Amino acid sequence: MKKIGNWLKNHFIISCIVSGFIGAIIAWGLNWILISPPVKVGNLPQKELTCTLNYSQKLITKNTKDDGFKIMYHDKEVMDPYIFSITISNTGDYAIENEDFKKEFSIDFTGSEGIIKASVIEARNKEIWDEILENSSINGSELVFSDFFLNPGESFTLSIITNKNPSGIKYNSRIEGVPNLTLVNTRADRIEELRNNRTIFIAIMISVVSMVTVGIVIFLIVDAKRYKKYKKELLSQLTSKSSDCNGDCDNCPCSQEE
């Protein structure tokens, strides 16, 4: 212990860095243990359709009380427009064919006052682009597709504008070989991501505080030992000088030093 104390005293900065590094490793380990969701092992589906919400945001903000200022689209007033970007991808190993659709595929913007406009803004090839435009329709707050064909790795991206912010986005489908749609970056996922990021931030802050705390404690311990040693040496010197007087202050070494 004495050797460790001496080493820490002589290498104070290095000890702080090492303690911080150890604290960061512990925080990183706790982050994986506490945050990581359980992994389920199973057979990969032969067909897989993934729906990704790329972004959602308010399209226009009305910062005026003038009732004469209105947002219009095709001679119809739009009170509170929101825009969404959604990508539909074939992430499976087999093609999703038109005949696989046993029911229309739809995206329902629940809680909105309807879809104002929907368009394809990106597709892997022209055939997908044309087919999506031909086989899609708007029904209130729903964007409906009768069917479409996607080879593995192919996708298309939609831009949808709604009147008012929906309370949720629901995907409805019945596709042969696709028991469940894979949803990525939904609003719930984004809320969970924010929570996870907050937890990671807290873990990092704990490691930083731990590093600083350990450094302060080591400094106080080393400083206390130095003070004790200095006090002991000072008392020893004073005791030694007082014993050299022997009652004869004129010949005392203390007086000679002065």
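The values are calculated or read from the model by the stated rules, or taken from the named source; none is laboratory data. Quantities reported herein were computed from a predicted structural model and do not represent experimental measurements. Because the Cβ atoms are built from the backbone with ideal geometry, glycine has one as well, and the counts that use them run over all protein chains shown. Remember, those area values only see protein heavy atoms, side chains included, never the ligands or the DNA or RNA. Shrake-Rupley method; radii C 1.70, N 1.55, O 1.52, S 1.80 Å.
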Candidate set from region 121-146 (those that are out of contact with any Leu (no Cβ under 9 Å at 6 or more places or on another chain) and assigned to a loop (DSSP other than H, G, I, E, B)); member that is nearest to residue 91 (Cα to Cα): 125
Identity of the residue in region 147-164, touching a helix residue (DSSP H, G or I) at 6+ places or on another chain (Cβ under 7 Å) and part of a loop (DSSP other than H, G, I, E, B), that ends up most open to solvent (accessible area, probe 1.4 Å): 149
Condition met for residue 56 (under 25 Å from residue 184 (Cβ atoms), in a loop (DSSP other than H, G, I, E, B) and either at pLDDT below 90 or touching a Pro at 6+ places or on another chain (Cβ under 9 Å) (or both)): no
Condition met for residue 70 (surrounded by 10 or more Cβ atoms within 10 Å (Cβ to Cβ), more than 21 Å from residue 141 (Cα to Cα), modelled with pLDDT under 75 and more than 33 Å from the chain's Cα centre (by Cα)): yes
Residue check for residue 121: of a type in the set (Val, Ile, Thr), open to solvent by 70 Å² or more (accessible area, probe 1.4 Å) and farther than 19 Å from residue 96 by Cα: yes
Single unsatisfied condition, residue 97 versus (1) without any contact (Cβ under 8 Å) to a residue 60 or more places away in the chain; (2) closer than 27 Å to residue 59 by Cβ; (3) charged (D, E, K, R): (2)
Residue that is touching a residue at least 24 places away in the same chain (Cβ under 8 Å), open to solvent by 20 Å² or more (accessible area, probe 1.4 Å) and β-branched (Val, Ile, Thr), where the choices are 50, 91: 91
Filter result for the condition that a residue is open to solvent by less than 30 Å² (accessible area, probe 1.4 Å), modelled with pLDDT under 85 and either closer than 25 Å to residue 150 by Cα or among the β-branched types (Val, Ile, Thr) (or both), over 78, 41: 78
Out of 222, 212, sole residue that is open to solvent by less than 60 Å² (accessible area, probe 1.4 Å) and assigned to a helix (DSSP H, G or I): 222
Hits in region 72-88 (condition: under 18 Å from residue 56 (Cβ atoms) and either of a type outside the set (A, V, I, L, M, F, W, C) or not in a strand (DSSP E or B) (or both)): 78, 79, 80, 81, 82, 85, 87
